[in-house]
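Worksheet for the structure shown next.
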Amino acid sequence: MTAIHDQAMHYIYQQVLERLLSQMSQAQRASLQLLIQRLLVAAGGPEYIGTFRVLVLQGCDRHSARLLAMLRAAQLSIALRAPVTFQLRVLVVSLPVAASDTLEFHEGSFSALFMQDDPRVQLQMIEGREVVPFSRRSSAAPDRWLLARNALLMFGHMVDARPEALLGSRLHLELADAACSALQAATPADVLITAIPVRQRRRYLAWARRSLRLAGERGPHVLHHCLAALAHGLSRLHGAADASPGSLAKPTQGDAAQEASLRLLAIDDLLPHLLEGQQLDAMLGAGLEKADDAWPLAAFVDPNARAQLHQLRARSLELQAARPALSLANPSGDSKTRDGHTLALGKAYGINQTQLVCLLFSPFARQGKKLEHFLQCRHADMLVALPYLHRALQGKPCPDAVRDWLVNTSGLPLVQLRAIYEGRMPLTAWRLQSNLARRDVHLRLLPRPSSGRRRSPVALP
């Protein structure tokens, strides 16, 4: 039975490869052969290809899907020529949260490439701060998102609530933290393959080096000896940036990443041929049109998340009587679908729309400077309780109903709200978060907030 099963699977893999090759141009087939040669050389020769482990970060754009198709073709081509082939680990990345249509697109691509049932392929995804097996349905476990939820709320309320900052360079630290977790596996990857252009890679390394220096980090990750060391250093930054009074403690990753060695295999020079044409898109399935022209560093970010936050922020500033129905900043699809996607970010993190609107206002920072304006715009019935709200945020006696309203409206415990109110944050965390707020997801400088620069935090005892 085993021999018959293996023979049947071999036939299926051969059919998948033939279908892939039929969708490629002559130039793409030539580039595929160059890719195969690079993989064999990186493995140390054909005799070591069976134990060679390749990691690829799967983004939300079509380019990532086409690259994965090329890697799959290379894997199957080697398998036809030799008894074994390389192991492929695919880590699906869609920060801050993968929308349902994104997961469906990935599942369709994996099915077209017949990857789910292949023991040589490992499909994973990021949920919160954990690396879990890939599934088209996101987990509803709230504890998986607690750390990410707390970090998002504290950053917005205390540092910068603009969508560009919330979904900006801080997401790269989340990605590094997840990659560090993936490297803790019993059999870590040998090489990370990427098609990000060299100019973008240099921009990312410069940003990482500066962030590490600002945090006073010392060690091999600063010199970029390998990607595992760099990921470990950025993961430590992620933990330091989230250090705030009353925040949830982040579990340590350990020192395994420091001992591991992960090389980078760049194939951006093959991009003109590997990613050309539209024939592969027909095989992999249509979708993700908006992400087709995404910047390389933004390929791991949900393309609609920032637009949704901008829309929600603009709608929240309007008078309630004149406020139109909330809709997704994507004209395609019916209204029911748009409304469901609008709240996808909040549903994943366990943040309702009221708490998300409160985050965008950030009314508690700087001794509640924007608290009255927030109440006028969103909670006019609470204006009479404004003095009691300030007393609660100052730690003074006040009615329990006022404290409950603060917790329910913000989504944060009272101890963290008081830290935001007083501006109490460890100096290292403040310096890191302020630096993160300066750049968007493309690592481009952001303009100063219209409200001006927030004051430095009060030092913790």
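The values are calculated or read from the model by the stated rules, or taken from the named source; none is laboratory data. Bear in mind that the values here come from a model prediction, so they are computed numbers and not experimental data. Counting neighbours? That spans all protein chains shown, and the Cβs are built from the backbone with ideal geometry, glycine included.
Tabulated values for the structure
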quantity: Tally of residues being more than 24 Å from R149 (Cα to Cα) and at pLDDT below 95 across the range 80-103; calculated: 5
quantity: Residue within the range 6-16 that is surrounded by fewer than 21 Cβ atoms within 10 Å (Cβ to Cβ), more than 31 Å from the chain's Cα centre (by Cα), among the β-branched types (V, I, T) and in the same structural domain as Q124 (by TED's automatic domain parsing) present; calculated: yes
quantity: Of all residues in the range 61-118 being β-branched (V, I, T) and in a loop (DSSP other than H, G, I, E, B), the one that is surrounded by the most Cβ atoms within 10 Å (Cβ to Cβ); calculated: V93
quantity: From S138, S169, residue being touching an Asp or Glu at 6+ places or on another chain (Cβ under 8 Å) and buried (at least 23 other Cβ atoms within 10 Å of the Cβ); calculated: S169
quantity: Which listed residue, of F114, F155, is closer than 16 Å to L88 by Cα and in the same structural domain as P96 (by TED's automatic domain parsing); calculated: F114
quantity: In the range 13-30, residue farthest from I78 (Cα to Cα) [restricted to those that are part of a helix (DSSP H, G or I) and touching an Asp or Glu at 6+ places or on another chain (Cβ under 9 Å)]; calculated: A27
quantity: Filter result (of a type in the set (A, V, I, L, M, F, W, C) and surrounded by 16 or more Cβ atoms within 10 Å (Cβ to Cβ)) within the range 188-211; calculated: A189, V191, L192, I193, A195, I196, W207, A208
quantity: Any chance A321 is assigned to a loop (DSSP other than H, G, I, E, B) and either aromatic (F, W, Y) or modelled with pLDDT under 55 (or both); calculated: no
quantity: Candidate set from the range 33-60 (those that are touching a residue at least 60 places away in the same chain (Cβ under 8 Å) and assigned to a helix (DSSP H, G or I)); member that is surrounded by the fewest Cβ atoms within 10 Å (Cβ to Cβ); calculated: L34
quantity: Scope the range 424-439; condition surrounded by fewer than 22 Cβ atoms within 10 Å (Cβ to Cβ), at pLDDT 90 or above and assigned to a loop (DSSP other than H, G, I, E, B); matching residues; calculated: R438
quantity: Test set (1) touching a Leu at 6+ places or on another chain (Cβ under 8 Å); (2) hydrophobic (A, V, I, L, M, F, W, C); (3) at pLDDT 90 or above; (4) surrounded by fewer than 18 Cβ atoms within 10 Å (Cβ to Cβ) - A459 fails condition number; calculated: (3)
